[in-house]
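J.: Pasting a structure here, questions to come.
Just so it is clear, none of the values below were taken in a lab; they were calculated from the coordinates. On a predicted model such as this, the values are computed, not experimentally measured, just so you know. Don't worry about glycine lacking a Cβ; one is built from the backbone with ideal geometry, like all the others, and counts go over all protein chains shown.
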Amino acid sequence: MSGFLIQFVNLLFQVLSFAILGRVLMSWIDPTGNMRITQVLQELTEPILAPIRSIMPNFGMLDLSPIVAMLLLQLVGNLIIRSLS
């Protein structure tokens with residue numbers, strides 16, 4: 001049972017990281033957010049990125065919250081997996 005839970009947590013955090021990466025890439029392709037895939041990625045990742053954005057200082061046009069979010073997801077995921085092992 002523990003092995004399944006570890007794999008599930010690992011997969012969940014990987015999917016969230018890929019969703020954030022996808023959102024960054026789609027922001028270059030579809031900056032207005034009209035495409036459905038862009039809207040889905042925004043709905044998935046905004047609950048993660050919004051709190052980080054509210055804490056971080058503003059760097060003008062440069063949004064570093066996806067980088068911070070991906071690092072935090074990796075850190076939290078590793079901590080959870082270690083605690084389950």
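J.: Find the relative contact order for the chain and round it to a whole percent, using C-alpha pairs within less than 8 Å whose residues are 6+ positions apart. The partial results should precede the final answer.
T.: On the way: 47 pairs, mean separation 38.6, N = 85.
Reported as a whole number, the value is 45 percent.
J.: With n ≥ 4 as the cut-off for DSSP H runs, can you work out [θ] at 222 nm for the chain, using -39500 (n - 2.57) per run divided by the number of residues, rounded to the nearest 500?
T.: Values: 3 runs with 68 residues, N = 85.
Calculated mean residue ellipticity at 222 nm is -28000 deg cm²/dmol.
J.: For a footprinting-style exposure proxy, rank M70, M61 by other Cβ within 10 Å, fewest first.
T.: On the way: M70 18, M61 5.
So the ranking, lowest neighbour count to highest, is M61, M70.
J.: While we're on this one: Let me check I have the definition right: for the chain, take the eigenvalues of the Cα gyration tensor, multiply each by 5, take square roots. What are those semi-axes in whole Å, largest first?
T.: Numbers: eigenvalues 145, 52, 14 Å².
Gyration-tensor ellipsoid for the chain: 27, 16, 8 Å.
J.: What is the distance in Å between the Cα centroid of segment 32-49 and that of segment 11-30?
T.: 9 Å
J.: Could you compute the FRET efficiency for L79 and I55, with r as their C-beta to C-beta distance and R0 at 25 Å, rounded to 0.05? Please list the in-between numbers first.
T.: On the way: r = 20 Å, r/R0 = 0.79.
Between L79 and I55 the formula returns 0.80.
J.: While we're looking at this one, here's another question. Pulled fully out, how much extra length does the chain show between L25 and L72, if you take 0.36 nm times their separation in residues and subtract their Cα-Cα distance? Mind showing how you got there, number by number?
T.: Working: separation 47, 0.36 × 47 = 16.92 nm, distance 1.94 nm.
Extra length available between L25 and L72 comes to 15.0 nm.
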